Amino acid sequence: MIPNSDRDDSYSNERRRHLMEIALKRFAKDGYHPTKISDIVGEAGVAQGTFYWYFKSKEAVALEIVEDGRNQLLDVIAQGYRQDSGTVQDMVQASETLLCRLFLFAEANRHLMELLLGSMAASDTIRQAIGETRIAMENAFLLNIERAIELGMLPATIDAKLRSAFLMSLIEGVISRWLFATMLPGNGTQAKTAQQLASETARFEFFGLLGI
């Protein structure tokens, strides 16, 4: 039998996660400032005191959402870290695989990506946490680029920091247009799958890195 303490911990973690999911959905749908704690607990079907058992404030749950999302995104990017050298095609394929995982994650976590990539009004503390998440992602891409340089797969003369910034901006733009630019006329990205976008983005990214 499962010890009572383990069952209690599992239930507590599940309830905490449920409150975070509802809060995130509310932030994305209604905005951070208009969302009230009473809205979150009302949808969750719990008392307001339950919310405060897990979180000190609305800002606290938002910060935990951002931190959790950051960790998940960095895990996705870390899977693309180069271990061995390879051919040009190997590099393109590796980039495509990484980007496909990233786009699939974004597609499955639209509310999170809207919070991280959108212009949602929030507190200065939350905006800072979101900014730190973007910087952390850019640094993760930088590590991949630097590793590729070490392996001789990219020329040592390129500016890795600048290229990682370009790549981050490219990915932000593709995801934002793909998931959120529903009203833009001629937005061809909407009809594409994550795999198709990854393939096109990888080729643009890679040959851009080489300056070709």
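The values are calculated or read from the model by the stated rules, or taken from the named source; none is laboratory data. Keep in mind it's a predicted model, so treat the numbers as computed, not measured. FYI the Cβ positions are ideal-geometry reconstructions off the backbone, even for glycines, and counts take in every protein chain you see.
Mind checking which residues of region 23-66 are of a type in the set (Phe, Trp, Tyr) and in a loop (DSSP other than H, G, I, E, B)? Before the answer, list the steps.
First, the residues of region 23-66 that are of a type in the set (Phe, Trp, Tyr): 27, 32, 51-55.
Across region 23-66, the qualifying residues are Tyr32, Phe55.
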Checklist outcome for this item: Exception for Lys56 within (1) surrounded by 12 or more Cβ atoms within 10 Å (Cβ to Cβ); (2) modelled with pLDDT of 95 or more falls at (1)
Item to check | Among the candidates Ala181, Ala136, Ala129, residue that is among the aliphatic types (A, V, I, L, M), within 30 Å of Lys58 (Cα to Cα) and at pLDDT below 90 | outcome: Ala181
Checklist outcome for this item: Residue hits (region 110-147; under 18 Å from Ser95 (Cα atoms) and touching a residue at least 40 places away in the same chain (Cβ under 8 Å)) are Met137, Ala140, Phe141, Leu143, Asn144, Ile145, Arg147
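For every residue, the table says whether it meets (1) over 15 Å from the mean Cα position of the chain (by Cα); (2) within 15 Å of Glu67 (Cα to Cα); (3) in a helix (DSSP H, G or I).
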| site | (1), (2), (3) |
| --- | --- |
| Glu96 | yes, no, yes |
| Glu107 | no, no, yes |
| Glu114 | no, yes, yes |
| Ala121 | yes, no, no |
| Ala129 | no, yes, yes |
| Thr133 | no, yes, yes |
| Glu138 | no, no, yes |
Checklist entry - Val41 passes all but one of (1) closer than 30 Å to Phe103 by Cβ; (2) modelled with pLDDT of 95 or more; (3) not acidic (Asp, Glu); which number fails? => result (1)
Item to check | Residues within region 78-97 that are at pLDDT 85 or above and more than 18 Å from Glu200 (Cβ to Cβ), tallied | outcome: 1
